[in-house]
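Down below is the structure, laid out as structure tokens.
The values are calculated or read from the model by the stated rules, or taken from the named source; none is laboratory data. Because the structure is predicted, anything quoted here is derived from the model rather than measured. FYI the Cβ positions are ideal-geometry reconstructions off the backbone, even for glycines, and counts take in every protein chain you see.
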Ligand SMILES: O=C(O)CCC(=O)C(=O)O
Ligand SMILES: [Fe+2]
């Protein structure tokens with residue numbers, strides 16, 4: 001097995017492992033440690049069907065059941081595809097034009113921020129593109145002036161699945177989504193469990209700040225958002241067939257980049273989101 005850093009501060013690639021078979025305790029530990037160190041891990045050359053990806057993901061904790069409904073009202077299963085292939089044939093780009101194209105962190109609308117997301121390349125656009133981009137919210141926090149860090153400390157942010165349209169241009173939540181995911185509150189600056197590391201926790205679900213007038217809150221959230229997405233904090237993943245990505249949701253934001261021929265070519269990724277049991281038990 002080999003692990004190679006992809007940039008100075010963010011992302012590593014692992015080769016020489018097969019995640020389609022049950023993994024050893026040692027490999028599981030290495031995966032955890034590699035993600036703790038680099039936050040984003042790309043495991044190369046994998047062949048994973050849906051069951052294998054689910055079994056692999058479940059090694060790290062219980063899977064979250066996404067709240068988002070498909071256009072036909074059906075709730076996505078725990079292991080699900082992110083695709084622009086329409087069920088009835090053809091292509092539908094709603095997903096890119098809406099939610100996933102906007103910077104976010106997965107499942108911020110759950111009471112406990114999820115730990116990992118896994119994403120597997122099922123079908124990549126033949127002409128290339130369809131990248132996934134990440135920003136390092138720890139680096140973004142660290143780069144804030146000391147006085148601002150102090151001013152932000154203690155602020156509580158309302159994250160709402162149903163109201164993500166307020167910042168992202170996505171559709172508003174459906175009744176089912178509203179019922180399943182009432183707004184939750186997270187500190188604007190999170191300390192990563194078991195570490196001293198602090199990170200900004202923002203993204204498209206962050207819609208209000210407790211005790212702050214909406215206009216002022218929206219302005220502050222937008223300012224911090226712009227600060228966080230600066231190129232120096234980014235890693236852009238250019239997918240290759242066989243890539244399985246896995247990342248730490250608590251200290252990153254990510255988005256789907258629409259840099260492919262999305263009206264003609266299909267892009268399908270398969271996804272799971274792992275609960276954060278450590279802090280759920282805390
Ligand atoms: O399609 C992508 O590149 C990212 C999708 C996404 O946001 C996710 O899987 O959580
Ligand atoms: Fe996502």
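Key figures
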quantity	calculated
Residue 258 more than 19 Å from residue 35 (Cβ to Cβ), within 16 Å of ligand 2 (Cβ to nearest atom) and either free of Cβ contacts under 8 Å to residues at least 24 places away in the same chain or not in a helix (DSSP H, G or I) (or both)	yes
Given (1) more than 13 Å from ligand 1 (Cβ to nearest atom); (2) in contact (Cβ under 8 Å) with a residue 24 or more places away in the chain; (3) more than 22 Å from residue 169 (Cβ to Cβ), number of the condition residue 81 does not satisfy	(1)
Residue that is modelled with the lowest pLDDT, among those in the range 99-153 that are over 19 Å from residue 197 (Cβ atoms) and more than 16 Å from ligand 1 (Cβ to nearest atom)	111
Criterion: part of a loop (DSSP other than H, G, I, E, B) and over 24 Å from residue 168 (Cβ atoms) - qualifying residue of 61, 129	61
Checking residue 224 against (1) modelled with pLDDT of 95 or more; (2) under 17 Å from the mean Cα position of the chain (by Cα), the condition it does not meet	(2)
Condition met for residue 180 (closer than 30 Å to residue 51 by Cβ, at pLDDT 95 or above and crowded, with 18+ Cβ neighbours inside 10 Å)	no
Selected residue (only one of 236, 268 is within 16 Å of ligand 1 (Cβ to nearest atom), surrounded by fewer than 17 Cβ atoms within 10 Å (Cβ to Cβ), under 19 Å from the mean Cα position of the chain (by Cα) and under 28 Å from residue 8 (Cβ atoms))	236
Single condition residue 172 does not satisfy, out of (1) touching a residue at least 12 places away in the same chain (Cβ under 8 Å); (2) part of a loop (DSSP other than H, G, I, E, B); (3) over 26 Å from residue 247 (Cα atoms)	(1)
Unmet criterion (only one of (1) under 21 Å from residue 251 (Cβ atoms); (2) in contact with a helix residue (DSSP H, G or I) (Cβ under 8 Å, 6 or more places away or on another chain)) for residue 162	(1)
Restricting the range 78-98 to residues that are within 16 Å of ligand 2 (Cβ to nearest atom) and modelled with pLDDT of 85 or more, the residue that is surrounded by the most Cβ atoms within 10 Å (Cβ to Cβ)	84
Boolean, residue 45 is at positive phi, away from ligand 2 (no atom under 15 Å from the Cβ), surrounded by fewer than 19 Cβ atoms within 10 Å (Cβ to Cβ) and modelled with pLDDT of 90 or more	yes
Options 107, 73: the member that is on the phi > 0 side of the Ramachandran plot, part of a loop (DSSP other than H, G, I, E, B) and buried (at least 17 other Cβ atoms within 10 Å of the Cβ)	107
Enumeration of residues in the range 135-151 that are within 22 Å of residue 254 (Cβ to Cβ) and more than 17 Å from the chain's Cα centre (by Cα)	141, 142, 143, 144
Qualifying residue in the range 241-253 (condition: within 16 Å of ligand 2 (Cβ to nearest atom), surrounded by 21 or more Cβ atoms within 10 Å (Cβ to Cβ) and part of a loop (DSSP other than H, G, I, E, B))	no
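Quick grid of which residues meet (1) at pLDDT 95 or above; (2) more than 14 Å from ligand 1 (Cβ to nearest atom):
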site: 202; (1), (2): yes, yes
site: 231; (1), (2): yes, yes
site: 244; (1), (2): yes, no
site: 258; (1), (2): no, no
site: 279; (1), (2): no, yes
